[in-house]
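Written out below as structure tokens is the structure these notes cover.
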Amino acid sequence: MSTSSRPDPAPATALASLPDGTGLPADHPLVDGRTADAPLLAAYRGRTPARRPVWFMRQAGRSLPEYRAARAGTAMLDACLVPELASEITLQPVRRHGVDAAIFFSDIVVPLRLAGVDVDIHPGVGPVLGSPVRTADDVARLRDASPAEALTPEVLAPVTEAVRLTTAALGATPLIGFAGAPFTLAAYLVEGRPSRDHLAARTLMHADPATWRALTEWAADVTGTFLRAQVLAGAGAAQLFDSWAGSLSLADYTAHVAPASTRALSHVADLGVPRVHFGTGTGELLAAMRDVGADVVGVDHRIPLDEAVRRLDGRVPVQGNIDPALLAAPWPVLEAHVRDVVARGAVAPGHVVNLGHGVPPETDPDVLTRVVELVHSL
């Protein structure tokens with residue numbers, strides 16, 4: 001069994017003291033100055049940006065006709081691993097909407113696939129594994145090859161090449177690296193498919209904590225290695241998505257999940273890029289999610305943004321939290337909501353406007369463009 005040698009993460013409040021581009025190659029956008037004036041990175045670092053930054057989770061996806069055309073006939077995980085296609089899909093919403101960041105086109109289970117796990121995405125269902133991972137022996141088989149041994153530069157080459165193509169085309173617009181948090185990856189591994197309540201995962205967490213810890217440590221190193229590769233190849237920030245953490249109590253999150261999330265984010269702690277942590281249904285977990293090493297905390301639509309800032313003690317910038325449901329509402333309703341989100345976010349050290357979750361597939365792309373124009377006008 002392998003353990004990570006990654007350094008402990010720097011405290012979230014220490015980010016402002018790290019120079020842009022710490023530990024990065026000379027041709028990285030943060031080092032060569034391409035993204036020096038990016039509003040997104042200024043807000044992530046608690047500085048005053050030239051304009052209020054905005055981007056959308058799942059902005060590259062089924063709401064765009066150009067995405068559907070580009071991906072026609074290509075399976076989701078295959079599309080993520082064709083560099084030219086992944087780059088093109090990542091760039092599409094930047095061209096169309098004028099957002100202040102690109103989010104790398106990928107999927108939470110891509111690093112699992114690259115690490116040799118039998119997983120595929122079934123249309124209408126989501127990620128499905130060939131067989132769930134539920135016993136100590138199952139976990140030991142996963143860990144026979146450490147993430148460092150499994151995710152070699154050759155294996156990660158489609159990812160790093162896609163990042164390089166994308167950052168070359170983005171110019172002054174930063175790219176955000178994408179990775180799933182260890183709990184979400186572990187939940188998929190244990191359940192074998194998407195689940196509403198993650199009973200099998202939560203049962204393993206308590207029934208066999210040693211096996212659970214071994215599984216989440218492995219998942220942390222897989223996703224951390226995946227995220228680090230993106231940053232070294234050109235991403236200027238790193239976002240860790242914990243899609244399913246909202247199913248946990250604060251006590252369970254703190255005891256059984258937070259250590260693995262800390263481990264995952266530690267993989268990029270020495271690189272001096274902002275680390276963003278987002279989860280759905282995690283209003284009660286916000287401070288704990290910050291404390292795993294996040295410099296910015298994403299907030300979903302379930303609590304007001306100013307209340308989220310209060311729960312975070314005003315210590316870190318926030319990202320969010322337009323309700324995706326209102327994208328289909330009449331414009332005066334949506335406009336009033338966006339203005340309210342912006343006003344509430346003003347109490348934070350920094351605020352990046354985003355949705356409280358992803359763009360619904362049926363969203364009119366013109367509405368997203370209009371939201372971007374409104375946010376920039378404010």
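Regarding VAL94, is this residue outside any loop (DSSP other than H, G, I, E, B) and modelled with pLDDT of 95 or more?
Values: outside any loop (DSSP other than H, G, I, E, B): yes; modelled with pLDDT of 95 or more: yes.
Spelling it out, VAL94 is indeed outside any loop (DSSP other than H, G, I, E, B) and modelled with pLDDT of 95 or more.
Going by what's in this entry, would ASP295 be described as modelled with pLDDT of 95 or more and surrounded by fewer than 22 Cβ atoms within 10 Å (Cβ to Cβ)? Before the answer, list the steps.
Numbers: modelled with pLDDT of 95 or more: yes; surrounded by fewer than 22 Cβ atoms within 10 Å (Cβ to Cβ): no.
It is false that ASP295 is modelled with pLDDT of 95 or more and surrounded by fewer than 22 Cβ atoms within 10 Å (Cβ to Cβ).
Which residue pairs have Cβ atoms under 6 Å apart, sit 6 or more places apart or on different chains, and have a first residue in region 301-314 that is in contact (Cβ under 8 Å) with a residue 40 or more places away in the chain and a second that is open to solvent by 40 Å² or more (accessible area, probe 1.4 Å) and assigned to a helix (DSSP H, G or I)?
From region 301-314, the pairs are PRO304/ARG344; LEU305/ARG344; ASP306/ARG344.
Taking VAL231 as meeting all but one of (1) open to solvent by less than 40 Å² (accessible area, probe 1.4 Å); (2) over 15 Å from the mean Cα position of the chain (by Cα), write down the number of the exception.
The failed condition is (2).
So GLU88 fits all but one of (1) more than 20 Å from the chain's Cα centre (by Cα); (2) open to solvent by 60 Å² or more (accessible area, probe 1.4 Å); (3) modelled with pLDDT of 95 or more; what number is the exception?
It fails just one condition, (1).
Kindly evaluate GLU307 against the criterion of being over 30 Å from VAL268 (Cβ atoms), open to solvent by 10 Å² or more (accessible area, probe 1.4 Å) and at pLDDT 95 or above. First the steps, then the outcome.
Working: over 30 Å from VAL268 (Cβ atoms): no; open to solvent by 10 Å² or more (accessible area, probe 1.4 Å): yes; at pLDDT 95 or above: yes.
No, not satisfied.
Being aliphatic (A, V, I, L, M) and closer than 24 Å to PRO53 by Cβ: is that true of ALA214 here? Show your work before the answer.
Working: aliphatic (A, V, I, L, M): yes; closer than 24 Å to PRO53 by Cβ: no.
Against the criterion (aliphatic (A, V, I, L, M) and closer than 24 Å to PRO53 by Cβ), ALA214 does not qualify.
Please indicate, with yes or no, whether at least one residue in region 74-83 is under 14 Å from VAL163 (Cβ atoms), hydroxyl-bearing (Ser, Thr, Tyr) and open to solvent by less than 60 Å² (accessible area, probe 1.4 Å).
Going through region 74-83, the residues under 14 Å from VAL163 (Cβ atoms) turn out to be 80-83.
The next check asks that each one be hydroxyl-bearing (Ser, Thr, Tyr); those that pass are none.
No.
Among the residues of region 1-51, what is the count of those that are closer than 22 Å to PRO349 by Cα, among the basic types (Lys, Arg) and either surrounded by fewer than 19 Cβ atoms within 10 Å (Cβ to Cβ) or modelled with pLDDT under 50 (or both)? Reasoning before the result, please.
Initial filter on region 1-51 (closer than 22 Å to PRO349 by Cα): 9-21, 30, 35-51.
Going one step further and asking which of them are among the basic types (Lys, Arg), we end up with 45, 47, 51.
From the residues that got through so far, the ones that are either surrounded by fewer than 19 Cβ atoms within 10 Å (Cβ to Cβ) or modelled with pLDDT under 50 (or both) too are 47, 51.
The total comes to 2.
Out of all the residues in region 166-206, which are hydroxyl-bearing (Ser, Thr, Tyr), at pLDDT 95 or above and surrounded by fewer than 24 Cβ atoms within 10 Å (Cβ to Cβ)?
Across region 166-206, the qualifying residues are THR173, THR203.
The values are calculated or read from the model by the stated rules, or taken from the named source; none is laboratory data. Because the structure is predicted, anything quoted here is derived from the model rather than measured. Counting neighbours? That spans all protein chains shown, and the Cβs are built from the backbone with ideal geometry, glycine included. Just so you know, the surface numbers come from the protein's heavy atoms only, side chains and all, with ligands and any DNA or RNA stripped out. Shrake-Rupley method; radii C 1.70, N 1.55, O 1.52, S 1.80 Å.
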